[in-house]
Amino acid sequence: MDTTATTPAPAAVPATTVPAPRRVVVIGGGIGGLALAAGLRRRGFDVVVHERDLDPAATGGYHITLDTAAQDALRELLGPVLHEKLLASASAVRRRPGDVWFDWRGRLLGDLRVRGLDPDSVDVDRITLRLVLAEAVGDALVLGSTCTAVEREPGPGGRVRATFADGSTTHGDLLVGADGPNSLVVRHLSGAPASRPAGVTGVSGRTPAAALDPTEVQRLGPRSSLAVGPGGTGLYVGYLDPDGFAVLDAAHARAAVTTGPTYVWGAMFPDATAPRGLREQRGAPLRDTTLDALRAAGWGEVPLQVLARTDVASVAAYRFTVGPEDARSTAPWPAGSITALGDAVHATPPTAGKGAGTAVVDAHRLVEELTAARAGTRTLHTAVSAFETDLRHRGSAVTALSMATVRRLLVGSTPAGSALTRTTLPLLARSTALRQRLTPGRGSR
Ligand SMILES: Cc1cc2nc3c(=O)[nH]c(=O)nc-3n(C[C@H](O)[C@H](O)[C@H](O)COP(=O)(O)OP(=O)(O)OC[C@H]3O[C@@H](n4cnc5c(N)ncnc54)[C@H](O)[C@@H]3O)c2cc1C
């Protein structure tokens, strides 16, 4: 991250004095910032997004789950043509068999009940989602532009100013931080980062199903799964197939980066026992370090095939970060002409599959509030205040949900938790296998 010279946030201006924004400056062109700018543009606002990346396609990330609320928000934010393009590039959760869980030897344990999963969710490549959003934002997206400071000019109704690494500045009536975990804008607003390490480090990659042995494709199936191992280790394997499990029968509009059945995997290690230097590695060395660490924890070769045969260019490590889990600590600043949304406020580990969808809903709520302010039914600060009140509740609920799985992994990393994993899961695997022999075709496939 670049220099972070922030000026302390001035006291909020009285709500009655500030009119609706004429120009909105968005810092961060990830999912939330682009969704906001797309929606504001459609409503005729003057908006600009500053993003430090040079190319929206040159970004990390695998599949993003969008629940019904996020899909509805995107319909409004994108308009019908781009919304169709997005859904035509997505894979329907409902069309694939239910998720299951395995042990660290690849033995089936049973169905996996995913808390908070909306059965009408769709999965889409993160890159595809970002590209469709960038298309909607058009020339209002400024790439290669790293924000280094934000401030509100003094005086009632003072404008906001952002400064960038190249020394340039821009002004607006409202500035929105959509700059992800460790947000510069949130540090300006609250004087402290809004996120902390969640305690788990992940390594992810993508593996075409065609790269696996047929027996392994059969074991994994066209479904997502979670495997659990000793020492709090875990392996999520998601299934993405925008062709086979298409949401829309609209191949002409399809723009998915993933073109064939693909497994998106994420290995998880408690920070305390994660291999040293994991986050500094890339590609084949990172894959090998991950494989070695899982083998050392006792994992068998069957569940590791998806890692061993992965596309090495896709392998990346990252630390899970999490925002506050209670509404009171979320967005703890008075409403004003600088606000924030998405992971900047409620950083969400990927364990609930809700981070991007929540950022999209944040964006939609802010567009609605600002549209109402422009119509004269409320002031800018009343609009921002209403947006932030809702954000506090939704944001903290989703961080708490995503931490449920993280905490289970952390409990599994204690000596007692690890011993319990080693003793109970093989018993569960045996009983599942027996049940399947006695009642073939029933229960988990
Ligand atoms: C590389 C990456 C891969 C991800 N992969 C997955 C995944 O596979 N599955 C999943 O469920 N979730 C994934 N996520 C998380 C998910 O995308 C986020 O939860 C969701 O996008 C939240 O949206 P956001 O806009 O708040 O933050 P983000 O999408 O993270 O966007 C923040 C943006 O702000 C930009 N930025 C930060 N600081 C500055 C600055 N000072 N100046 C200008 N720009 C700045 C960043 O470059 C980034 O593009 C990933 C996130 C990232 C960044």
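Rolling a 1.4 Å probe over the protein heavy atoms gives the chain an accessible area of 41 Å² per residue. Here the relative contact order of segment 171-259, from alpha carbon pairs under 8 Å that lie six or more residues apart, stands at 12 percent. Taken one residue at a time, the phi angles of segment 44-60 give Karplus couplings (6.51, -1.76, 1.60, θ = phi - 60°) of x, 7, 8, 9, 9, 10, 9, 10, 6, 4, 8, 8, x, 7, 8, 9, x Hz. Gly and Pro are set to x. Ordering Val264, Leu117, His83 by the projection of their Cα atoms onto the charge dipole of the chain, which places +1 on the Cβ of Lys and Arg and -1 on the Cβ of Asp and Glu, puts Leu117 at the extreme positive end. Near Arg276, within a Cβ-to-Cβ distance under 15 Å, what is the net charge of the other residues, with Lys and Arg +1 and Asp and Glu -1? Here the count lands on -2.
To the nearest 10 Å², what's Glu51's accessible area with a 1.4 Å probe? About 20 Å², ignoring ligands and nucleic acids. Note that segment 342-354 has calculated 3J(HN,Hα) couplings of x, 4, 4, 9, 10, 3, 10, x, x, 5, 9, x, 10 Hz, one per residue in order, obtained from phi through the Karplus relation 6.51 cos²θ - 1.76 cosθ + 1.60 (θ = phi - 60°); glycine and proline are x.
Here the spin labels are modelled as points 7 Å beyond Cα on the Cα-Cβ line, and at Ala419 and Leu434 they lie 2.5 nm apart. Return the tail of the calculated pair distribution for the chain, meaning the percent of Cα-Cα pairs more than 31 Å apart. Of the Cα pairs, 42 percent sit more than 31 Å apart. Scattering from segment 358-403 was approximated by placing one identical point on each alpha carbon and applying the Debye formula without solvent; log10 I(q)/I(0) at 0.22, 0.30 1/Å stands at -0.70, -1.01. Our summary gives the chain a relative contact order of 23 percent, counting only alpha carbon pairs under 8 angstrom and 6 or more residues apart.
Convert each backbone phi in segment 184-199 into a coupling constant with the Karplus relation 6.51 cos²θ - 1.76 cosθ + 1.60 (shift: θ = phi - 60°), then list the ³J(HN,Hα) values in order as whole Hz, x for Gly and Pro. Whole-Hz 3J(HN,Hα) from phi for segment 184-199: 5, 5, 5, 5, 5, 6, 10, x, 8, x, 8, 10, 9, x, 7, x. Taking amide H positions as modeled 1.01 Å from N, with prolines and chain starts lacking one, the residues under 5 Å from His63 and 5 or more places away or on another chain are Arg126. Under the criterion of Cα pairs below 8 Å and six or more residues apart, the relative contact order for segment 362-445 equals 16 percent.
The share of accessible area on segment 86-136 that comes from carbon and sulfur is 50 percent, using a 1.4 angstrom probe. Estimated translational diffusion coefficient (Stokes-Einstein, Kirkwood radius over Cα pairs, 37 °C, 0.692 mPa s) of segment 143-269: 171 µm² per second. Each of the peptides 176-189, 219-232 was scored by the mean count of other Cβ atoms within 10 Å over its residues; in descending order, highest first, they stand as 176-189, 219-232. A protection proxy built from the mean count of other Cβ atoms within 10 Å ranks the segments 315-322, 76-83, most packed first, as 315-322, 76-83.
Atom-type composition of the exposed protein surface of segment 180-224 places 60 percent of the accessible area on carbon and sulfur (1.4 angstrom probe).
So if I take the centroid of the Cα atoms in segment 55-103 and the same for segment 319-361, what is the distance between those two points in Å? When both Cα centres are located, 20 Å separates them.
Please report the antiparallel percentage of DSSP beta bridges with both residues in the chain, rounded to the nearest 5. Of the beta bridges lying entirely in the chain, close to 70 percent run antiparallel.
The values are calculated or read from the model by the stated rules, or taken from the named source; none is laboratory data. Please read all numbers here as calculations on a predicted model, not as lab measurements. Every residue, glycine among them, receives a Cβ derived from its backbone with ideal geometry; neighbour counts consider all protein chains shown. With ligands, DNA and RNA removed, areas are computed over all heavy atoms of the protein, side chains included. Shrake-Rupley method; radii C 1.70, N 1.55, O 1.52, S 1.80 Å.
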